[in-house]
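Report on the structure given below.
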Amino acid sequence: MYEKDDPRSGLATAARPDSGAAIAPAQYLDLWETPVVRAQNVILVHTDARDGDDLDNGTLDGELAIVVTDASPAFTVLTGEGTTRITEPGLVVVPPGASRISVHGDGPLVRLVEATEPAWRERVANADAYAEDHPRVRLLERWPEPAEPRVRCYPLSEVPDDPKRFGRIFRTRSFMVNFLPPQEGPRDPHRLSPHHHDDFEQLSLAVQGEYVHHIRTPWLPDRTAWREDEHVRIGSPSVTIIPPPTVHTSEASSPGVNQLIDIFSPPRLDFSEKPGWVLNADDYPMP
């Protein structure tokens, strides 16, 4: 489904017998209105942080990932092992245990925790959507541990864009985060990239601009479960949770700067198997 010059065109989607399970609806979530939301395996926390804020992450059983954008403030991560100051965009990974964030400015911060973390699980706005596990989404099994537990920082400034690679991708034991390049103006409507995933959700986090998410639900044998195509326009900050195996593509629509960050849990094996695509692969081994 990708154009031949798209770096994703070399990714093959496995052909599997269909399970016949119900396909979940897509979710379009305004993060101003619902700052704590979840997918099957991950909870996303959007904070409109202010200078001097002290953000308590709790005592986590799994790692915490912090998505830092151009608009994010500087901050300091405090753990039992010490402090780490963050001053530029990228991904920050905090090991399990207790941690806090001391904020040095105004702007958005996005935190990712595993959906099984009880203190955060109780706060999500869309809990009803996951009252039961979605049968088509593979449950999280953590990938292997890094060599040592410490705060890790992956600044985007150290990784230039490369047209041979799809975005700038980092992974942890539980998450994969892909910083897609900012796009000036609307996307060319003749060059969209509809595709589907067999068994994992995609969280498309809009951090700048506006997008139209085009989503088509496959026709399974049960006609009563068919849905009309969706073409939903949503601004930023927002997150769209795209269920498998819907066919989907996202179209930037603002005349200004548009940027998406894609999030997956567990990490994607297909991206991980592409040489050079996962930029911190040396820290986080594959299963």
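The values are calculated or read from the model by the stated rules, or taken from the named source; none is laboratory data. Quick caveat, the model's predicted, so the values are computed rather than measured. Reconstructed Cβ throughout: ideal geometry from the backbone, glycine too, with neighbour counts over all protein chains shown. In case anyone asks, the SASA skips ligands and DNA or RNA and just uses the protein heavy atoms, side chains included. Shrake-Rupley method; radii C 1.70, N 1.55, O 1.52, S 1.80 Å.
Being among the small types (G, A, S), part of a loop (DSSP other than H, G, I, E, B) and under 20 Å from the mean Cα position of the chain (by Cα) is the filter here, so list the residues in the stretch 70-90 that pass it.
If we filter the stretch 70-90 for residues that are among the small types (G, A, S), which is where we start, we get 71-72, 74, 80, 82, 90.
Narrowing the set further to residues that are part of a loop (DSSP other than H, G, I, E, B) leaves 71-72, 80.
A71, S72, listed by residue number.
Provide a single number: the residues in the stretch 167-192 that are of a type in the set (G, A, S), touching an Asp or Glu at 6+ places or on another chain (Cβ under 9 Å) and modelled with pLDDT of 95 or more. Working first, answer last.
Step one: list which residues in the stretch 167-192 are of a type in the set (G, A, S), which gives 167, 174, 185.
Cutting the leftovers down to touching an Asp or Glu at 6+ places or on another chain (Cβ under 9 Å) gives us 167, 174.
Adding the requirement that they be modelled with pLDDT of 95 or more leaves 174.
Summing the residues that are of a type in the set (G, A, S), touching an Asp or Glu at 6+ places or on another chain (Cβ under 9 Å) and modelled with pLDDT of 95 or more in the stretch 167-192 gives 1.
The residue of the stretch 113-134 that is farthest from P73 (Cα to Cα), among those that are in contact with an Asp or Glu (Cβ under 9 Å, 6 or more places away or on another chain) and of a type in the set (A, V, I, L, M, F, W, C), is A125.
The residues listed here are V151, V137; of these, the one that is aliphatic (A, V, I, L, M), open to solvent by less than 30 Å² (accessible area, probe 1.4 Å) and in contact with an Asp or Glu (Cβ under 6 Å, 6 or more places away or on another chain) is V137.
The residues of the stretch 228-248 that are surrounded by 14 or more Cβ atoms within 10 Å (Cβ to Cβ) and either of a type in the set (D, E) or more than 27 Å from W32 (Cβ to Cβ) (or both), listed by number, are E230, P244, P245, V247. Remark: pairs (first residue in the stretch 88-99, more than 21 Å from A281 (Cα to Cα) and in contact (Cβ under 8 Å) with a residue 12 or more places away in the chain; second residue open to solvent by 10 Å² or more (accessible area, probe 1.4 Å) and part of a loop (DSSP other than H, G, I, E, B); Cβ separation under 7 Å; 6+ apart in sequence or on different chains) = G97/G80; A98/G80. Could you tell me whether the stretch 43-62 includes any residue that is in a strand (DSSP E or B), within 17 Å of the chain's Cα centre (by Cα) and hydroxyl-bearing (S, T, Y)? So far as the stretch 43-62 goes, yes, one or more of its residues are in a strand (DSSP E or B), within 17 Å of the chain's Cα centre (by Cα) and hydroxyl-bearing (S, T, Y).
Scanning the stretch 135-181 for residues that are assigned to a loop (DSSP other than H, G, I, E, B) and of a type in the set (F, W, Y) yields a total of 3.
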